[in-house]
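Each value in this text was obtained by applying a stated rule to the coordinates, not by laboratory testing. Predicted model only: the values in this text are computed from it and were never measured. Because the Cβ atoms are built from the backbone with ideal geometry, glycine has one as well, and the counts that use them run over all protein chains shown.
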């Protein structure tokens, strides 16, 4: 599939590492762990341990991806002044 085939997919072209890193930069580990309640965000968090868990756990990855999309949309609305 090329990028033209997914014009409305907000996650297209993003790696899971980028998603997790951006969320950590925006929220911090504590708030991220509150929003997505998984142990790898709350106990001795690291990007590496989070990636390992999220790659094996589809439901958790889905929650993280949904939070990323919501966060991006809210950030874009903020920037436009809505």
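Per-structure values
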quantity	calculated
Ascending count of other beta-carbon atoms within 10 Å, so fewest first, for 30, 50, 21	30, 21, 50
Anisotropy class of the chain from Cα gyration tensor, a/c 1.5 cut	oblate
Distance in nm between pseudo-label sites at residue 21 and residue 63 (7 Å out along the Cβ direction from Cα)	2.4
Choice from 67, 54, 11 with maximal GNM fluctuation in the chain (Cα, 10 Å cutoff)	11
Listed peptides 34-47, 68-81 by packing density, highest first (mean Cβ within 10 Å)	34-47, 68-81
Extended-chain gain in nm, criterion 0.36 nm per residue less alpha-carbon gap, residue 43 and residue 74	8.4 nm
